[in-house]
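Written out below as structure tokens is the structure these notes cover.
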Amino acid sequence: MQPGHGQVYAVSGAAGGDAVSRRRALLVLAAGTSGIAGCSGGGGGAGGGGGPCAAEPASPGAGAAYCLVEPRVVRAAGGRRLGIGEAVLTNVDDSTAIIVARDAAGFHALSAVCTHACCLVSLCRDPECASPTTNPGDCGTSGVATPDPLGLAILCPCHGSGFHIADGTPLKGPATRPLPSFSLSFDGDDVLVDTSRPVDASVRI
């Protein structure tokens, strides 16, 4: 893939295989230990793990420029049907995962890759996040969650960082940087999230 060019990933609920992701492999090489690989959060969940989703070329953009988030356009199937206060997490692989959320002002999208150590985050179903969504696995989508709009809404299972759903700002560490917000558009009932196009966290559609 050329730098700055994305791909459209049509994410379904299933995929096959247990391929080791590029991020997981690079984290292991960078750390010199296999212990870091478990923090990537890939695999498991309802979607299984493994290979790439079907893709098409997409428009160029700058990308998120952190961890190994790649410039892609991710299709969150049925995302436009979210009710106010609801959110869903769609995972392409360990390099790209997004959250689509809807509040009273409209729809917005966040990265679902933690800014601390590149782990995939989970959506909280309750204010204490005692029952977060499980990682859907490669090419998977989580169930719909109703995260706390004012408190802990997004949790990183690796080191406990917490984030607000409205703008991705950290609520508790060790993460200190917000989850990037991305441009989105609609295609019928689906939401298309372009990870090559960061936007201000206040933007709603």
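The values are calculated or read from the model by the stated rules, or taken from the named source; none is laboratory data. What you are looking at is a predicted structure, and each value in this text was computed from that prediction instead of being measured. For neighbour counting, all protein chains shown are included, and Cβ atoms are generated from backbone atoms with ideal geometry for every residue, glycine included.
Residues are listed down the side, and each one gets a yes or a no for (1) outside any strand (DSSP E or B); (2) at pLDDT 95 or above; (3) surrounded by 14 or more Cβ atoms within 10 Å (Cβ to Cβ):
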site: G143; (1), (2), (3): yes, no, no
site: C158; (1), (2), (3): yes, no, yes
site: A166; (1), (2), (3): yes, yes, yes
site: F182; (1), (2), (3): no, yes, yes
site: S196; (1), (2), (3): no, no, yes
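Residue count for region 145-156 satisfying the condition of being more than 17 Å from G173 (Cβ to Cβ), surrounded by fewer than 18 Cβ atoms within 10 Å (Cβ to Cβ) and not hydrophobic (A, V, I, L, M, F, W, C): 2. Can you tell me how many residues within region 78-94 are touching a Lys or Arg at 6+ places or on another chain (Cβ under 7 Å) and crowded, with 24+ Cβ neighbours inside 10 Å? Number of matching residues: 2. Tallying residues that are surrounded by fewer than 19 Cβ atoms within 10 Å (Cβ to Cβ), touching a Cys at 6+ places or on another chain (Cβ under 9 Å) and among the polar types (S, T, N, Q) within region 130-141 yields 1. D200 falls short on exactly one of the conditions (1) closer than 20 Å to P71 by Cα; (2) of a type in the set (D, E); (3) at pLDDT 95 or above; (4) in contact with a Lys or Arg (Cβ under 9 Å, 6 or more places away or on another chain), and that condition is (4).
The set of residues in region 145-156 being closer than 21 Å to I84 by Cβ and assigned to a loop (DSSP other than H, G, I, E, B) consists of T146, P147, D148, P149, L150, G151, L152, A153. If the condition is being hydrophobic (A, V, I, L, M, F, W, C) and either under 16 Å from T176 (Cα atoms) or surrounded by 24 or more Cβ atoms within 10 Å (Cβ to Cβ) (or both), then region 105-129 contributes A109, L110, A112, V113, C114, A117, C118, C119, L120, V121, L123, C124.
Of the strands (runs of 3 or more DSSP E) contained entirely in region 73-137, those carrying at least 1 residues that are in contact (Cβ under 8 Å) with a residue 40 or more places away in the chain and in contact with a Pro (Cβ under 7 Å, 6 or more places away or on another chain) fall at 87-93, 96-103, 106-111. Looking across region 177-195, just one residue is touching a His at 6+ places or on another chain (Cβ under 8 Å) and either without any contact (Cβ under 8 Å) to a residue 24 or more places away in the chain or hydroxyl-bearing (S, T, Y) (or both), and that is S181.
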